[in-house]
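Visitor: I'd like to ask you about the structure that follows.
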Amino acid sequence: MMIVMKEGATADQVEAVVERVESVGVKAHISKGELVTVIGAIRDREHVANLGLEGFPGVDHLVPILKPYKLASAQVKRGERTVVEVDGRKLGGQYFATIAGPCTVESREVMLDTARVVRDAGAQMLRGGAYKPRTSPYSFQGLGDAGLPLLAEAKEETGLPVVTELMDVRDLEAILEVADVIQVGARNMQNYTLLTELGRAGRPVLLKRGLSSTLEELLMSAEYILKEGNPNVILCERGIRTFETAYRFTLDLMAIPVLRELSHLPVVIDPSHAAGRRDWVLPLSLAAAAAGADGIIVEIHPEPETAICDGPQAVRNEDFADYLRQVEAAAAIARKELVRV
């Protein structure tokens, strides 16, 4: 149930409603808009409706949330978009951001060289995986704990916020020491224990859509994070499995307008994993930006031919600045703004 407060409702009136809701074991989620405050009461609809909240001072009206994903639903924000702010950078709403870096942290030289390129080009955040899920157990799995200090060093030198993947909840404390945004990979999208812990951790989360998951399933996964009190969830479309065999994954660009209609959460696109080929990354990025995506997360590398993993899909460092200018021009078509720090 969504409890809409009157314009000008006081903090005491909001607190009184929250106390009434939580007195019966219902979790209250407060969302403050420009004009009104909305309180999400997540439980059985009839149970909340019987609390008599309509008569409380400051309450305007109650609205049932019809979607199974309550807090991720666009309805709960009444048309407002969530903007995730990371160390001054903004993503979501009218803001567009680019996250770039190597697929995995493979060496100090590659990590630092690439971080400098990302900074100098003007992108907003740096990506790099210390822990990497791979289809084959014999493939390079990342440097693990040894990769985190390299990310920390790159962050210290460039000032860029770091986006890195968490695979196992046992690594959460170590990741929190470095990561400004924690990525959940496609294969962990429905790892509900992991999602719950990330909700409690409070750090922004970039949640990738599963390889064969529907948009509703993606939003239900986001709900696990949101319900623990973490409002900073970024949805990521990275390509899904279809019957097509001409390319690695089908990048579902329709997910951009649909997710923006269904949810208030930001939507970013990963063109690298969908394409699997460097020459397809730019056109997919341009299409995504022009379609209204809130950001792009892309792989770049100084020497893709020697990259330990995913080299064929990585944009060359030397080409990144030109790539970024084209993508940002496409984002401007969708009336997106950039925040550079």
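Visitor: Tell me whether region 216-341 comes out rounded, prolate or oblate; compute the Cα gyration tensor, take square roots of the eigenvalues as a ≥ b ≥ c, and use a/c under 1.5 as the rounded threshold.
Guide: prolate
Visitor: So, one more: Quick one: net charge around Ala152, please, counting Lys, Arg +1 and Asp, Glu -1 for every other residue with C-beta under 13 Å from its C-beta.
Guide: Working: positive: Arg108, Lys155; negative: Asp145, Glu153, Glu156, Glu157, Glu177, Asp180.
My count for the surroundings of Ala152 gives -4.
Visitor: Just the number please: accessible area per residue for region 11-163, 1.4 Å probe, all protein chains included, in Å².
Guide: Working: 6880 Å² over 153 residues.
It amounts to 45 Å² per residue over region 11-163.
Visitor: Compare Glu156, Glu165 by solvent-accessible area with a 1.4 Å probe and give them largest first, with all protein chains kept in place. List each step's numbers first, then the result.
Guide: Working: Glu156 155, Glu165 10 Å².
Heavy-atom accessible area, descending, gives Glu156, Glu165.
Visitor: Between Glu197 and Lys6, what length comes free when the chain is fully extended (0.36 nm per residue of separation minus the Cα-Cα distance, one decimal in nm)?
Guide: Gain on stretching Glu197 to Lys6: 65.3 nm.
Visitor: Counting Lys and Arg as +1 and Asp and Glu as -1, what is the net charge of the other residues whose Cβ lies under 12 Å from the Cβ of Leu53?
Guide: Values: positive: Arg20; negative: Glu19, Glu54, Asp60.
For residues surrounding Leu53, the net value is -2.
Visitor: Please report the carbon-and-sulfur percent of the accessible area for the chain; probe 1.4 Å, protein heavy atoms only, DNA, RNA and ligands left out. Numbers along the way, then the final one.
Guide: Details: 7150 of 14540 Å².
It is 49 percent, rounded to a whole number.
Visitor: On C-alpha positions alone, give me the angle between the axis of helix 278-290 and the longest principal axis of the chain, in degrees, nearest 10.
Guide: Between the helix axis and the principal axis of the chain, the angle is about 30 degrees.
Visitor: Cα-based count: Lys pairs in the chain below 16 Å, eight or more positions apart or different chains?
Guide: Step by step, the pairs that qualify in the chain add up to 11.
Visitor: For region 194-209, what does the Karplus curve 6.51 cos²θ - 1.76 cosθ + 1.60, with θ = phi - 60°, yield as ³J(HN,Hα) per residue in whole Hz, taken in order and with x for Gly and Pro?
Guide: Here the 3J(HN,Hα) series is 5, 5, 5, 5, 5, x, 6, 5, x, 6, x, 10, 9, 9, 8, 5 Hz.
Visitor: Can you sort His264, His29 by solvent-accessible area, 1.4 Å probe, largest first?
Guide: Values: His264 10, His29 35 Å².
Largest accessible area first, the residues go His29, His264.
Visitor: Next question, about the same structure. Quote the relative contact order of region 183-296 in percent (integer), defining contacts as alpha-carbon pairs under 8 Å separated by 6+ residues.
Guide: Details: 207 pairs, mean separation 24.5, N = 114.
The value is 21 percent.
Visitor: Could you give the angle, 0 to 90 degrees to the nearest 10, between helix 148-158's Cα long axis and the longest principal axis of the Cα atoms of the chain?
Guide: For 148-158 against the chain, the angle is about 90 degrees.
Visitor: Quick check: from the Cα gyration tensor, does the chain come out rounded (a/c under 1.5), prolate or oblate?
Guide: On the way: a/c = 1.96, a/b = 1.85, b/c = 1.06.
Prolate shape, in that a/c is at least 1.5 and a/b is the bigger ratio.
Visitor: Still on this structure, I have one more. In debye, nearest 20: dipole of region 209-341 around its Cα centre with unit charges on the Cβ of K, R (+) and D, E (-)?
Guide: Values: 13 positive and 20 negative charges, 39 e Å.
Computed about the Cα centre, the dipole is about 180 debye.
Visitor: Once you have a ≥ b ≥ c as the square roots of the Cα gyration tensor eigenvalues for region 160-293, tell me rounded if a/c is under 1.5, and otherwise prolate or oblate according to whether a/b is larger than b/c. Write out the running numbers ahead of the final one.
Guide: Values: a/c = 1.75, a/b = 1.57, b/c = 1.11.
The shape class here is prolate.
Visitor: Right, here's the next one. Placing +1 on the Cβ of each Lys and Arg and -1 on the Cβ of each Asp and Glu in the chain, which of Leu150, Ala9, Asn191 has its Cα farthest towards the positive end of the resulting dipole?
Guide: Ala9
Visitor: For the pair Thr245 and Asp279, what calculated FRET efficiency results from E = 1/(1 + (r/R0)^6), where r is the Cβ-Cβ distance and R0 = 22 Å, to the nearest 0.05?
Guide: Efficiency, rounded to the nearest 0.05: 0.75.
Visitor: Please give the calculated 222 nm ellipticity per residue for the chain, where each DSSP H segment of at least 4 residues contributes -39500 (n - 2.57) and the sum is spread over every residue; nearest 500 deg cm²/dmol?
Guide: Details: 11 runs with 112 residues, N = 341.
Value at 222 nm, helices only, nearest 500: -9500 deg cm²/dmol.
Visitor: How large is the accessible surface per residue of region 202-337, computed with a 1.4 Å probe and reported in Å² as a whole number? Display every interim value, and only then the final one.
Guide: On the way: 5240 Å² over 136 residues.
Each residue of region 202-337 exposes 39 Å² on average to a 1.4 Å probe.
Visitor: Dipole of the chain, Cα-centred, from +1 at each Lys and Arg C-beta and -1 at each Asp and Glu C-beta, to the nearest 20 debye? Could the numbers behind the result be given before it?
Guide: Numbers: 38 positive and 48 negative charges, 142 e Å.
The dipole magnitude comes to about 680 debye.
Visitor: Sequence-distant or interchain residues sharing an amide H contact under 5 Å with Lys27, placed H: which?
Guide: Excluding prolines and chain starts, which carry no amide H, the hits are Ile42.
Visitor: Compute, for Met1, the solvent-accessible surface of its heavy atoms (probe 1.4 Å) with the complete set of protein chains present, and express it in square angstrom to the nearest 10.
Guide: 20
Visitor: Which angle between 0 and 90 degrees, to the nearest 10, do you get for helix 317-333 versus the longest principal axis of the chain when only C-alpha atoms count?
Guide: 30
Visitor: Taking amide H positions as placed 1.01 Å from N in the peptide plane, with prolines and chain starts having none, which residues 5 or more places from Lys90, or on another chain, fall under 5 Å of its amide H?
Guide: Val339
Visitor: Output the relative contact order of the chain, whole-number percent, from Cα pairs under 8 angstrom with separation of 6+ residues.
Guide: Reported as a whole number, the value is 17 percent.
Visitor: Can you give me the long-range amide H partners of Val59? Hydrogens built in the peptide plane at 1.01 Å from N, cutoff under 5 Å, separation of 5 or more residues or another chain.
Guide: Close amide H contacts, sequence-distant or interchain: Lys6.
The values are calculated or read from the model by the stated rules, or taken from the named source; none is laboratory data. Note that this is a predicted model, so its numbers are computed, not measured. Every residue, glycine as well, gets a Cβ built from its backbone with ideal geometry; the counts of neighbours run over all protein chains shown. Surface areas here come from the heavy atoms of the whole protein model, side chains and all, with no ligands, DNA or RNA. Shrake-Rupley method; radii C 1.70, N 1.55, O 1.52, S 1.80 Å.
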